[in-house]
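Below is one structure, written out as structure tokens, with a few remarks after it.
No value in this document is a laboratory result; all are computed from the given coordinates. The structure displayed is predicted, hence computed values, not measured ones. Neighbour counts are summed over all protein chains in view; Cβ atoms, including those assigned to glycine, are modelled from backbone coordinates with ideal geometry.
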Amino acid sequence: MYDTKSPGPAIRVTPNGSKTFYGYKKVNGRPERIRIGGFPEIKVDRTRDQSAKLVADISSGINPAEAKRKQRGELTLGKAIPEK
């Protein structure tokens, strides 16, 4: 479900009732959903603020989701030191 008061915030509700807030914006015609946090830990007003920041970053050419994807692909300590 998407917020009706401001563009960007969305909440996903799973069949078991878990609620997660996301920031949503299309980038190059493709949707980007960036996890903000779970409810009730994160409140709606904070979600709107975080989503506005994400949308502003994306509009200025910074894609936080792409940065996370790159970070996941970086060399980790576990990859650098193989287990015996």
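Quick look at the values:
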item: Output for the range 27-45, where each listed residue is basic (K, R) and over 22 Å from A67 (Cα atoms); result: K43
item: Identity of the residue in the range 1-26, within 22 Å of A67 (Cβ to Cβ) and either among the acidic types (D, E) or in contact with a helix residue (DSSP H, G or I) (Cβ under 6 Å, 6 or more places away or on another chain) (or both), that ends up surrounded by the fewest Cβ atoms within 10 Å (Cβ to Cβ); result: K25
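Quick grid of which residues meet (1) surrounded by fewer than 14 Cβ atoms within 10 Å (Cβ to Cβ); (2) aromatic (F, W, Y); (3) closer than 22 Å to T14 by Cβ; (4) within 14 Å of the chain's Cα centre (by Cα):
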{"position": "I34", "(1), (2), (3), (4)": "no, no, yes, yes"}
{"position": "G38", "(1), (2), (3), (4)": "yes, no, yes, yes"}
{"position": "E41", "(1), (2), (3), (4)": "yes, no, yes, no"}
{"position": "T47", "(1), (2), (3), (4)": "no, no, yes, yes"}
{"position": "Q50", "(1), (2), (3), (4)": "no, no, yes, yes"}
{"position": "G61", "(1), (2), (3), (4)": "yes, no, no, no"}
{"position": "A65", "(1), (2), (3), (4)": "no, no, yes, yes"}
{"position": "R69", "(1), (2), (3), (4)": "yes, no, no, yes"}
{"position": "G73", "(1), (2), (3), (4)": "yes, no, no, no"}
